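Take a look at the structure below.
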Amino acid sequence: MPDVAGALRAVEDELLAQWRAKVLETLPAADELTMQQLEDHLPLLIDKIAAALEASEPQPTNELIAISPVHGETRFHQNFNLNELLIEYHILRRVMLEHVSEELGRELDLEESVALNIGIDTALRRSVVSFSEHQAIELKSEANALTKYLSFLSHDLRGSLNGAVLMIEVLKRELQSESKFKESLEDLDTMRRSMLDTVATMDRFLHAERLRRGKMPVKLGPVNVKNLLDEIARSFAYQAKERKTVIEVSAPENCMEVSDRELLTMILQNLTSNALKYGGDQVKLVAHPSNGQCIRISVIDRGPGIAPDKLQTLFAPFTRGETYGQAGIGLGLSIARQAADLLGARLWAESEAGQGAAFHLELNK
């Protein structure tokens, strides 16, 4: 198509000037500095599209494919996002078709229009692939760094904190018989609580990473739900005492379920921890049959409740409802939901403002 190729070369300067102006106007990320780095590439891109249009052999098209990744690579390093890259090509397509049509003095016929669009699509696809490849490398690098950091948390820092907690317990036993150390004992309790909260937060990060990487295969086995709920209640006895909250367990003695004990524990620990933060003076752990097809475990509190508009996003990572002054990172409920999904279980929340909240987990038989 020599006519179309000639028209494209003839309008190149005007086309690029209009494209540049439209991009600067449309995209917040584009500025004079980022545009300068494409000044040498885009004229070459247009020249290669023109050469492919007038050629009868594949070499010019191969050359177009070879130079096309430059745009995507440049925009990646300039911190553009993929949508902004697509917008740039959308603008280029519209401006190119308009200017070529005006230069020819007529509408492009179907074959000419298809050929021009193929040229732009070829450049677009290679550019997007280049952008995505660089993004994948960056994400892999960040994931590796996160894995190393979490490994440090798991093996080094976590172990040191647990050792410090044990030392605090020893100090408390040695000092508790002396009334003059009463305030010091209170300070030690504060330190212990802070360390335990830090360890619990690290555990949540570690669980979230294991779930993200699919490193928690489901291991099914018989689980005595009543015994499990009793263990959960005992593990939170210290926190409950500090918050003046009573944890009650209600479940049949023979309440058995085939499930993954580790995942169930993870779910219930996160739900109970959340309930203790907001649960007022009572938290209930209840298990009972539901519809004869599954066992339902509920964690019920008497706290301030959850607003209706927050219930839909409650299980999203790093999302928190009204915190009422409580610290947290918003991972606990997300971890519970991911673990429930692995079990094929249903997890949801019910609440009314001022009436407490109930989190229900249904395990299929």
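The values are calculated or read from the model by the stated rules, or taken from the named source; none is laboratory data. Values in this document were obtained by computation on a predicted structure and should not be read as measured data. Virtual Cβ from ideal backbone geometry, glycine too; neighbours counted across all protein chains shown.
The table that follows gives values for the structure above.
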quantity: Criterion violated by residue 101 - all others in (1) within 22 Å of residue 5 (Cα to Cα); (2) in contact with a helix residue (DSSP H, G or I) (Cβ under 8 Å, 6 or more places away or on another chain); (3) in a helix (DSSP H, G or I); (4) without any contact (Cβ under 8 Å) to a residue 60 or more places away in the chain satisfied; calculated: (2)
quantity: Subset tally (residues that are among the β-branched types (Val, Ile, Thr) and either surrounded by fewer than 17 Cβ atoms within 10 Å (Cβ to Cβ) or within 16 Å of residue 296 (Cα to Cα) (or both)) for segment 332-365; calculated: 0
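Every residue, every condition in (1) out of contact with any strand residue (DSSP E or B) (no Cβ under 9 Å at 6 or more places or on another chain); (2) modelled with pLDDT of 85 or more; (3) surrounded by 16 or more Cβ atoms within 10 Å (Cβ to Cβ); (4) in the same structural domain as residue 125 (by TED's automatic domain parsing), yes or no:
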site	(1), (2), (3), (4)
25	yes, yes, no, yes
32	yes, no, no, yes
47	yes, yes, yes, yes
50	yes, yes, yes, yes
53	yes, yes, yes, yes
59	yes, yes, no, yes
85	yes, yes, yes, yes
93	yes, yes, yes, yes
96	yes, yes, yes, yes
